[in-house]
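The structure under discussion appears below in the form of structure tokens.
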Amino acid sequence: MILINNVVISAPSKESVAYIEHPLLWTRSVEFRLYQKAIAESANCKNTLVILPTALGKTVISLLVCANMLFNYRDKRILIMAPTRPLVLQHMKSFSLVLKILEEQISYVTGKIQPGVRRMIWDKTDIRLVFATPEVVKNDLEESRLNLKDFSLVIFDEAHRAIKDYAYTFIAKEYVNQSPCPVILAMTASPGSERKRVQDLCNNLYIEKVEYRSEEDPDVKPYINPIDVKWEWFDLPEDYRYIASTLRSMLDERLRWLIQKGIIRKRGIEWIFKRDLIEAGEDLRYSLELTMEEQRGPLYIALMNQSSALTLMFCLELIESQGSYSLKSFLDRIDGEESNTHALLLKDPRIMEINTLLENMIKEHPKIERLVELVKKYNNHSFDDEKQNDSNSNSNSKVLIFTQYRDTARHIVEVLAKNNILSSRFVGQSKRLDDVGMKQDEQATVLESFRTGEFNVLVATSIAEEGLDIPDVGLVVFYEPIASEIRYIQRRGRTGRKSAGSVIIFAANDTVDMRYLYASSRRIEKMQHLLSRINTTLKPIGRTSMATNPMTKEQLSLIENRKSKLDNKLYKRFELDLKKSIVSNTEGSTRLDQLYKDSKQISLSRQADLLAGKFRRQIDRSARLIAIELAKAGKQGMEVETLSDVLGFEYAVLIEALKKLEKLKIVEWLDDSRVAAANSLKQVAGKVHVIYVEKIVQGKAIVTIDGSWHARLNHYDYEGPRELLKKGSEFKAIGELYKEDGLLGIRIKQIIESEN
């Protein structure tokens with residue numbers, strides 16, 4: 001056993017898995033990995049950029065650093081950011097599963113939360129762990145709703161975004177200015193391959209040290225599952241080649257014109273890429289702003305040529321790399337746009353001919369045909385020739401297909417459906433012309449269905465590349481190569497997480513696919529060389545040293561005791577279940593232990609989901625109904641078992657609702673299995689009356705008392721669950737009669753029993 005920074009490391013053995021022991025980590029919750037421990041130690045006191053291939057546990061590293069900070073500095077807070085709300089909630093769930101932290105000490109902040117509520121969260125120093133989206137943090141800093149002086153650690157997930165004016169850049173600067181002892185932990189699978197980009201990223205996040213591991217590093221290699229990467233090349237059909245040739249001819253005309261006019265300075269058209277056209281457009285628009293109206297004519301002509309060249313380059317990519325369906329969908333969309341450039345382009349006889357060919361084209365892109373064949377083989381457990389060996393064959397039958405474009409994703413799903421293959425499209429939220437995108441709730445539903453096996457093929461755009469908790473898949477297909485080394489690494493990392501995986505990259509010969517394929521390979525090599533030397537360029541920042549102020553045993557006991565109470569209640573629940581079953585003592589004991597172990601995992605997971613907001617509505621509804629039932633029951637209360645049967649809630653939801661009511665002092669436990677409304681247990685003076693609700697009017701109810709008198713019951717005179725105040729409801733209560741303005745009123749102090 002080794003003690004390092006309050007972390008006890010159990011040496012790994014061949015017979016058993018070693019786990020990290022820490023005062024703020026639940027027992028056996030984090031597996032020991034040497035490289036994670038080493039990186040976490042490095043990140044405890046220096047601003048660190050962690051670069052790890054996907055699935056090697058960047059989240060675990062951040063957990064270890066958080067645990068140390070939370071334990072050693074009990075009066076400090078931690079901010080964890082991720083680019084999207086689903087990713088924020090996913091991190092919140094992961095952390096709450098592993099960390100010993102009270103529910104009231106953890107919260108999240110996203111754009112769906114009103115500014116006033118966000119200010120309350122930022123101001124409440126008892127909330128020690130806050131998860132947030134960067135744009136919201138930036139806005140709250142700018143509006144002075146947030147000050148980061150009390151935060152001992154800020155974590156930037158998907159840190160490769162921290163360039164130019166992305167919110168991460170602003171937040172890091174404010175944090176370093178506001179905190180006397182700032183510590184930054186940034187994480188990414190790939191920061192990029194350009195030296196300037198990586199250096200800017202490090203400068204923007206005030207990075208003092210880079211911790212980089214590749215799959216070949218000796219401390220990482222034991223945890224890497226083999227990923228078999230293959231490329232498959234396709235020849236375009238004759239009709240496709242004709243359309244591509246026509247588009248290329250039209251594109252070349254415009255590129256030559258742009259070179260002749262000096263708008264693009266390249267030796268030849270073969271050296272002009274999409275980035276060149278985009279930069280040329282930016283320069284032309286800037287020149288337009290500086291030019292008098294009567295002199296803008298030539299610039300407008302140049303801009304039209306640049307714009308149509310960019311459109312033609314896109315069309316060429318669609319027919320070569322995606323297929324006729326995607327090109328036809330794009331041309332149909334721009335036909336409805338109010339754009340002079342597109343209007344002129346669509347009137348060109350050559351484009352009109354292409355449109356006619358597309359209307360009558362039956363032949364699919366060869367990639368589609370191969371994709372159907374591949375998925376069928378994989379789903380039918382006959383992938384032996386595609387995989388490395390039979391032992392790993394189809395151990396995970398899930399397939400993830402990446403494509404650049406939503407139109408292609410839609411078409412792939414349609415083609416797979418025609419071949420009796422269940423699949424689903426997975427795209428981002430933003431609206432793209434006639435494509436409304438997918439809301440976050442829809443995304444979550446699709447991922448859950450994929451996870452549970454309702455379908456085994458997910459067809460996704462770039463939304464699935466970054467961070468989201470997508471289930472481990474056995475096969476990843478790139479429908480097209482991508483030039484970005486960042487996206488290549490992220491896509492590839494979607495397989496090989498728990499077992500060996502396969503990646504297959506489709507590329508059409510003599511097309512833009514080949515350019516992208518070789519570009520990504522070069523950039524990965526370039527990135528690896530760059531990262532091996534980056535630390536020599538980094539400089540330390542000034543910070544004030546912090547004296548440690550560790551959490552006390554009493555604080556730790558409070559957390560552990562709260563959990564143990566829940567464990568006891570769950571255990572008793574399963575004991576009751578088993579008593580109803582006819583099993584032998586030995587079998588019953590074994591089954592009870594297994595149910596208990598399973599229930600603890602389910603309980604932790606449900607608590608994490610609760611914190612992330614997934615079950616809040618269920619809990620709130622359950623709490624309201626429990627309060628009503630307990631109000632009806634009066635002082636004798638109810639068995640939790642009976643509550644479960646009456647209300648029909650899952651036991652984990654019921655327990656969480658009771659915990660919430662207990663925290664609000666609405667209920668009290670009479671013993672280990674019985675609860676009552678706290679109000680019913682108070683000693684209240686007064687007479688018991690039978691109350692019958694005749695009708696409800698605004699702000700009050702008209703009631704009959706003891707079957708004899710009519711009285712008014714104002715909302716401020718009623719101490720009980722609002723749900724009892726409905727027409728026809730009858731209950732016993734301790735009340736006090738009074739007269740006001742000549743009218744009889746009643747003040748209800750305590751519900752004794754309900755007839756409803």
* Excluding ILE259 itself, what net charge comes from residues whose Cβ is under 15 Å from its Cβ, given Lys and Arg +1 and Asp and Glu -1? -> 0
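What GluC sites (Glu not before Pro) in the range 75-183 are in a loop by DSSP, with at most 11 other Cβ atoms within 10 Å of the Cβ?
Working: sites: GLU103, GLU104, GLU135, GLU142, GLU143, GLU158, GLU174; in loops: GLU143, GLU158.
For GluC sites (Glu not before Pro) across the range 75-183 that sit outside H, G, I, E and B with at most 11 neighbouring Cβ atoms in 10 Å, the list reads GLU143.
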* Asked: Which entries in LYS266/LYS526; LYS367/LYS439; LYS58/LYS221; LYS367/LYS526 show an alpha-carbon gap greater than 21 Å?
  -> LYS266/LYS526; LYS367/LYS439; LYS367/LYS526
* Separation in nanometres of the label points that stand 7 Å from Cα toward Cβ, at LYS526 and GLN178 -> 3.7
* **Loop trypsin sites (Lys or Arg not before Pro), the range 131-193 (other Cβ atoms within 10 Å of the site Cβ: 15 or fewer; DSSP)** => LYS149, LYS164
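Based on the Cβ-Cβ distance from GLU104 to VAL17, what FRET efficiency comes out when R0 is 30 Å, to the nearest 0.05?
Calculated value: 0.35.
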* Length added when fully stretched, GLU736-LEU290, from 0.36 nm per residue minus Cα-Cα -> 152.5 nm
* Structure fact -> In whole µm²/s, the translational diffusion coefficient that Stokes-Einstein assigns to the range 180-238, given a Kirkwood hydrodynamic radius over C-alpha pairs, 25 °C and 0.890 mPa s, equals 158
* Diffusion coefficient, µm² s⁻¹, Stokes-Einstein with Kirkwood Rh over alpha-carbon pairs of the range 238-360 at 37 °C and 0.692 mPa s -> 216
* Calculated FRET efficiency, GLU560 and THR642, Cβ-Cβ r, R0 45 Å, to nearest 0.05? -> 0.95
* So what's the range 141-212 giving for Cα Rg divided by 2.2 N^0.38 Å, two decimals? -> 1.09
* Just add up the charged neighbours of ASN355: K/R +1, D/E -1, any other residue whose Cβ is under 12 Å from the Cβ of ASN355. => -2
* Structure fact -> Of the DSSP H helices in the chain, the ones reaching 24 Å or more along their long axis in Cα terms and averaging at least -0.5 in Kyte-Doolittle hydropathy are 297-317, 512-531, 616-633
* **Whole-number percent relative contact order across the chain, with pairs defined as alpha carbons under 8 Å at least 6 apart** => 12
* When the Kirkwood hydrodynamic radius is evaluated over all pairs of different C-alpha atoms of the range 683-754, what value in angstrom, to one decimal, is obtained? -> 11.9
* Asked: In deg cm²/dmol and to the nearest 500, what is the mean residue ellipticity at 222 nm of the chain if only DSSP H runs of at least 4 residues count, each as -39500 (n - 2.57), divided by the residue total?
  -> -14500 deg cm²/dmol
* Structure fact -> Between the modelled labels at TRP233 and MET120 (7 Å from Cα along Cα→Cβ) the distance in nm is 6.4
* Structure fact -> One finds, for LYS498 and ALA678 with R0 = 45 angstrom and r their Cβ-Cβ distance, a FRET efficiency to the nearest 0.05 of 0.45
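Hand me the GluC sites (Glu not before Pro) from the range 633-738 located in a DSSP loop with no more than 12 other Cβ atoms within 10 Å, in residue order please.
When the GluC sites (Glu not before Pro) of the range 633-738 are filtered for loop state and at most 12 Cβ neighbours within 10 Å, nothing remains.
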* To do: Report the normalised scattering of the range 129-173 as log10 I(q)/I(0) at q = 0.16, 0.23, 0.24, 0.25 Å⁻¹, calculated by the Debye formula with identical scatterers on the alpha carbons.
  => -0.40, -0.85, -0.93, -1.01
* Structure fact -> Between the modelled labels at GLU414 and GLU194 (7 Å from Cα along Cα→Cβ) the distance in nm is 3.7
* To do: Report the dimensions of the range 2-224 along its three principal axes from the alpha-carbon atoms, largest first, rounded to Å.
  => 55, 43, 31
* Pulled fully out, how much extra length does the chain show between ALA547 and LYS377, if you take 0.36 nm times their separation in residues and subtract their Cα-Cα distance? -> 55.1 nm
* Any chance you could run the full-extension gain for THR536 through LYS726? It's 0.36 nm times the residue separation minus the Cα-Cα distance, nm to one decimal. => 61.1 nm
* Structure fact -> Evaluated at 10 °C and 1.306 mPa s, the Stokes-Einstein D of the range 167-296 based on the Kirkwood radius over Cα pairs, in µm²/s, stands at 76
* Structure fact -> For the chain, the Cα-Cα pair-distance distribution in 10 Å bins from 0, as whole percents, is 2, 11, 17, 20, 18, 13, 9, 6, 2, 0, 0
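Bear in mind that the values in this text are calculations on the coordinates, not laboratory data. The structure displayed is predicted, hence computed values, not measured ones. Every residue, glycine as well, gets a Cβ built from its backbone with ideal geometry; the counts of neighbours run over all protein chains shown.
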